[in-house]
1. Other chains' Cβ within 10 Å of A:416-427 residues: what's the mean?
2. State the Cα centre-to-centre distance between segment B:29-84 and segment B:202-226 in whole Å.
3. Could you tell me which residue out of B:195, B:446, B:430 lies farthest along the dipole of the protein assembly as shown toward its positive end? Charges go on the beta carbon: Lys and Arg +1, Asp and Glu -1, centred on the Cα centre.
4. If you look at just the Cα atoms of segment B:76-179, how large are its Rg and its Dmax in Å?
5. Set Lys and Arg Cβ to +1 and Asp and Glu Cβ to -1, take the dipole of segment A:349-392 about its Cα centre, and tell me which of A:365, A:377, A:391 lies farthest positive.
6. Output the peptides A:416-422, A:39-45, B:262-268, A:284-290 sorted from most to least packed, where packing is the average of other Cβ atoms within 10 Å over each peptide's residues.
7. Just to be sure I understand the model, the point goes 7 Å from the Cα along the line to the Cβ. What's the resulting residue A:256 to residue A:239 distance in nm?
8. Quick one: net charge of residue B:359's neighbours, Cβ under 13 Å, K/R +1, D/E -1?
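What follows is calculated from the coordinates using simple rules that are stated; it is not laboratory data. Treat the numbers as computed from the prediction; the structure is a model and nothing was measured. Quick reminder, even Gly has a Cβ in these numbers, built from the backbone with ideal geometry, and neighbours come from all protein chains shown.
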There are 2 protein chains.
Amino acid sequence: MRTAPVLSVVLLAALLGAAPRAAGTFSSATLAHARAARDAGLRDDVGYETLRSLCTEVGPRLAGSDGDRRAVAWGLATLTRLGFANVHAESVTVPHWERGECRLAVTAPWPQPLDACALGGSVATPREGIEAEIVPAGSLGDLKGLGEERLEGRIVFFRGHMERSRTGMGYGTAVQVRTRGAVEAAKYGAVGVVIRSVGTDASRDPHTGNMHDDSTGTRIPAFAVSAPDADLLDRQLATGRPVRVRLWSDSRDLGTARSANVVGELPGRGPVPGLVVVGGHLDSWDLGQGAHDDGAGVATMIAAARLAHAAGAHRHTIRVVLFANEEFGLSGARDYAARHAGELDRHVVAMESDLGAFDVWGFESGFGPGRGALVEPILSVLSPICTEYAGDGSRGDSDTGPLAERGVPVMELLTDARPYFDLHHSSNDTFDKIDPALLRENVAGYAALIALAASGDVDFGRLPPGERRR
Amino acid sequence: MRTAPVLSVVLLAALLGAAPRAAGTFSSATLAHARAARDAGLRDDVGYETLRSLCTEVGPRLAGSDGDRRAVAWGLATLTRLGFANVHAESVTVPHWERGECRLAVTAPWPQPLDACALGGSVATPREGIEAEIVPAGSLGDLKGLGEERLEGRIVFFRGHMERSRTGMGYGTAVQVRTRGAVEAAKYGAVGVVIRSVGTDASRDPHTGNMHDDSTGTRIPAFAVSAPDADLLDRQLATGRPVRVRLWSDSRDLGTARSANVVGELPGRGPVPGLVVVGGHLDSWDLGQGAHDDGAGVATMIAAARLAHAAGAHRHTIRVVLFANEEFGLSGARDYAARHAGELDRHVVAMESDLGAFDVWGFESGFGPGRGALVEPILSVLSPICTEYAGDGSRGDSDTGPLAERGVPVMELLTDARPYFDLHHSSNDTFDKIDPALLRENVAGYAALIALAASGDVDFGRLPPGERRR
């Protein structure tokens, strides 16, 4: 039995007021705390009620919008009400883009309206709109083969489908045309871009998302159509007749605005506590209520942190960060990493939940070298929630990525990405899509991880600096 | 064995050139034809390709719209191309209403946009819109209890949910607030109506549909919000704070327009053939592509009629009717019944498919008295498709209702109404939602029924005149 000696090491370390430098292992008291936090999570209602409040009283909260400002106020009020200490906002500059309205329609050979939305950051069309033939392309790589001859004065229609999978691995490939489609197509003289929504559902609701237009040349507008509308374009194209589409939008780039990371803490009892940073992003796209993306992450981490705190004494401080503007350029995550650069060595581990409150199927770590022995006890505590270990390759989620790049270890739970990408960035990301039992599963899993991490029993090491999130 | 005598009766009747007056029964040749038509239906592609063409080349086709005119042209061209005889249009006057645009939003206590659509036939709001507190009501019956004191100057929010069931029985109850909500609420001084969509899905796409405003008093605008938006209103109301909503729409009543029933025939070989009238409605709501409602019915009956015709000689003429404007007042069905009043006694049976190309689970009849013996052989032929008999209570579907009221017997296949009312009247009613195998199931079932009916072997009797469709 290793319990007694391990307890002694922990007690000794606590008495000395220093985190153990070796990886160590979790004390049986810590394991019991983590299991208690986990089990409380499976009965938790704070997560669901917190998310209900966010979706009902704030709703859409795109960076820079009125909703974003209300979300920051909501975050401060919520963390205060729920007993967090040191609740404050850390001001962040965010881009400010307004969608306005858009209208897309096939004009020939068979006129039909299209359900579409501008991609985030797209320029508007000219006031009179743009009408041109569409040229289908499967991926960015097809543009070169089509060349200026086919693309000059045309609208590129990126028609590829995103693969639906539990891991969400299809997103990375499919999203290329959203982020880079307009910039690349413009190089060949295209006048606009229409993409099949980067999503996996069959609803008539398009999925928006960020595009990166760093071009110094002509900027062209970019839109997503819903899957059924992309199918319609495919069917009209399949007849062999030229298909013409009209684009119109009045989206506006309004420069920058002020937003904030919202921070609250549950203090650890160590004399010089480390920081376990957990969070989600507070902003959302404007079409839905940001329920799964990422209200669920915000609510999960708020609820989980409290349960970990309540389960037993912890040496490290649990810091909840509700990040500003993940969607439109990671402003909050970058600001946090820069603002807290001087205390990053106190950040013992970071976690973000940003893949929706769906079934948790696995655990992934990003620990320093030689920490493999930590996995088994973690999986043991998680076993009622999930049993799969996805390896030590994590370099953080969006908002923890900049911390991982600077060496902060990370942990994350992996949720079923199939329903997530049905809703992601679309108007369907609403509170009614939250299953309370699955939200609890996420709360329970993170409550356990936070209890383990905040105990201070172990040292997760440091990641090799400079490594980027996949 | 009754086969030989039955055949003799049929042959005798054929030689005499008269339909048998007794109910009779189906000859084994007819049963073989029906089974052959059915089996060909299970391999059919004409239905799917016809529906693809309608959804791709016409799409939305609300009565009076450009799409409606193109649908009539499509119907004439399609029936001609597929070998029907006597293809023609019978002009029908239809109402002409244009949706325009609408914008709904919660303004207090927590502002959020609402995904909404005007109900078909709704008046526009004043140019400046309407903003008022919403008052929740479960059904029309609640209005009296609320009274003028609660409703004067308010917007009524009908928040009832439609029950999801295989039979679609929840529709009849739920639809009351759509058809009568505005008229009834106006009597108490309400200034607008918002209903939870009459549908069973959780998508962000509202369901439109006809409202009947025969009021001579003040007319007030009426809108449907999607289920998630109705949930949002419920959640804001549940906090006990007054909820205010802003309504704006510029829908337009443009009087009447010309449309047409499209008719084509597959002639029977009888000297004085009766008529087996089969069809669906050609119009659709404007939000989707009218794929299941009722492109599927149109395509099913076109394909099924051809297969029944091809399977063997039939005495009666199979007349396919693609009815105008079912959605907005049954103009085509009423016109057909009136225009053909003089030959209704030649109408031996009528069938409409208008519950989507979903799984066929049952058969329902509306025969004259004493025709119970016909059911068993019909079910026997249908047995690979469906086995349940829903009784003899049918009084037709929407467009066959006016014929049934005048005594024409009816038959119909019953499809699974659960997925139907997820899509019905919403933007999600698009071609990608068609399962080719289920469409074939419908084609096969109706091909069998048409082959049986057109044989002339049996007399389906007459329905008691004046009885209304449930």
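1. For peptide A:416-427, the averaged partner shielding equals 1.
2. Cα centroid of segment B:29-84 versus Cα centroid of segment B:202-226: 31 Å apart.
3. B:446
4. 20.6, 64
5. With unit charges placed on the Cβ atoms, the residue in question is A:377.
6. Highest mean packing first, the order is A:284-290, B:262-268, A:416-422, A:39-45.
7. Each label point lies 7 Å from its Cα, and together they span 5.1 nm.
8. -1
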